[in-house]
Amino acid sequence: MRRITNLLLVVGLTATAAKSYQRPKYASAKTKEVIERMIEAHGGLEKWRKAPAISFNAHLKVNFGGNNWVPFWEEATVETATRRAYAKLPNADGTHGSVAFDGKKAWSAGNLQGIARAPARFTAWRNFYLFNIPWLTQDAGVNLGEPGKGKLSMLEDSKEYFTVKMTFDPGTGDTPKDHYVLYIDPGTYRLKASEHVMTFASMMQGDAATSPPSIFVWEETANVDGLIVPAKYTVYWKADNSIAVKDGAISNWSFSKPFDESRLIMPPDGEPDESSPVKM
């Protein structure tokens, strides 16, 4: 059971939503240079922030043990400035569920299957954070550490990447004790991978305070309106490089569609999410 819960964690991290567009805290001038070059390599910050909302479709397969690969589909939209979010979660049988988060309250409705049954507040931001990390380094409350160097042992190349640890000030978003390690290509300055550990309390088992570290590797990217975004990816467990998520694919990216306020209204069959991101 612990393995399954850990898999839910690795494919649905909780974003630490920004309340305002303030600059992050850099450990040094070198950190600032590496991060700003990464952002420019992904199309720059201004264009991303001007998007009224960010939407995408995601599909992946999660390893629930042995060769039991369980699919997950998502059609998500997140308002760029506020991080309010809604998502449709289709199922293989033609049914679907829905979730939404208005910044204070979250709800779920419909036929939620598999990992879609995770808390709605958790699911509404599912994948958004991982897919948009280059720009989210600029959120208020973000701390970016001194650049180091590291290799991605699950890849066949022997390349040494810049590594930058990303942490959060207390009180930032839902789970300020989350952290990430960014792996940035020293030649292109594009993000190649991100190691992540999250701390959404209601998703933890027993006395565990964090999820085990996993590494999200960008295999292919796409250019959408001048912004470089992930198109295919794999997620590995850091401990042994085994695959936790395969066939990760992101399509139908949009940085121009308006945010639909009506999708935040809970339907008659909806259920409020009473989960807690922190231990009470």
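What follows is calculated from the coordinates using simple rules that are stated; it is not laboratory data. Since we're looking at a predicted model, the values are computed, not measured. In this analysis, Cβ positions are derived from the backbone assuming ideal geometry, glycine residues included, and neighbour counts consider all displayed protein chains.
Descriptive notes on the structure:
- Along segment 149-158 the Karplus relation, 6.51 cos²θ - 1.76 cosθ + 1.60 evaluated at θ = phi - 60°, assigns HN-Hα couplings of 9, x, 10, 9, 5, 7, 9, 7, 6, 10 Hz to successive residues, with x for each Gly and Pro.
- Each residue of segment 101-171 gets 146 Å³ once the volume of the Cα convex hull is shared out per residue.
- A straight chain from Asp185 to Arg117 at 0.36 nm per residue would run longer than the Cα-Cα distance by 20.9 nm.
- Whole-percent P(r), segment 2-270, all Cα pairs, 10 Å bins from 0: 7, 31, 40, 20, 3, 0.
- Where labels lie 7 Å past Cα in the beta-carbon direction, separation of Glu40 and Glu220 in nm: 2.9
- Pairs from the table (Lys32/Lys257; Lys165/Lys246; Lys104/Lys192; Lys105/Lys149; Lys105/Lys238; Lys105/Lys232) lying more than 29 angstrom apart at Cα are Lys32/Lys257; Lys104/Lys192; Lys105/Lys149; Lys105/Lys238; Lys105/Lys232.
- Additional length obtainable on full extension of the chain from Glu146 to Asp247, 0.36 nm per residue less Cα span: 33.1 nm
- Residues with amide H under 5 Å from that of Ala193, placed H, sequence gap 5 or more: Tyr183, Trp218
- Once the Cα-Cα distance is subtracted from the 0.36 nm per residue extended length, the Lys159 to Glu271 segment shows a gain of 35.5 nm.
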